[in-house]
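Following: one structure in structure tokens, then a few remarks.
The values are calculated or read from the model by the stated rules, or taken from the named source; none is laboratory data. Not measured: the values here are computed from a predicted model. The accessibility values were calculated without ligands, DNA or RNA, using every heavy atom of the protein model including side chains. Shrake-Rupley method; radii C 1.70, N 1.55, O 1.52, S 1.80 Å.
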Amino acid sequence: MHGQDIAVPLGRDLPTPAEAAAVATTRTLTMRLPPPLPSAKRLTGFRLVATDTAWTHGEGPEVRAPMAALLLLACGRLTALPQLSGAGAAQLTGRLSAGARHNV
């Protein structure tokens, strides 16, 4: 994800294999030890759906994005917010943006 931290703000494309991103996202969202990342907890209450591979997670309003963007969100990277779509996209964007303001 560190490469994406640089590439996304610069508008560069750094391909991430969707299948590998799906494995990493599932692990990030479901790991118990160590406890889940705070960013992963903020995704609770939404159904995340990948648009480029067969992957879904959670329940609630649907949020759709490429798998690499969902991995970025699970890791707390808000640069992926513009890639979100679906009925829950605005609500999740608001939640994550509000959390970012409180963490400054």
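What number comes out for accessible area per residue over region 1-55 if the probe is 1.4 Å? Units Å², please. Don't skip to the end; give the middle numbers.
Working: 3500 Å² over 55 residues.
In whole numbers, region 1-55 has 64 Å² accessible per residue.
For region 7-56, take N as its residue count and report Rg(C-alpha) divided by 2.2 N^0.38 Å.
Relative to the 2.2 N^0.38 Å estimate, region 7-56 comes out at 1.31.
Over the chain, what relative contact order in percent results from Cα pairs under 8 Å that are six or more residues apart? All intermediate terms of the calculation are to be shown ahead of the outcome.
On the way: 141 pairs, mean separation 24.8, N = 104.
It comes to 24 percent, rounded to a whole number.
Carbon-plus-sulfur fraction of the accessible area of the chain, 1.4 Å probe, in percent?
Working: 3470 of 5920 Å².
Whole-percent figure for carbon plus sulfur exposure: 59.
For P(r) over Cα pairs in 10 Å bins from 0, in percent, the choices are (1) 15, 52, 31, 2; (2) 12, 28, 29, 20, 8, 3; (3) 13, 39, 28, 13, 6, 1; which was calculated from the structure?
Matching entry in (1) 15, 52, 31, 2; (2) 12, 28, 29, 20, 8, 3; (3) 13, 39, 28, 13, 6, 1: (1).
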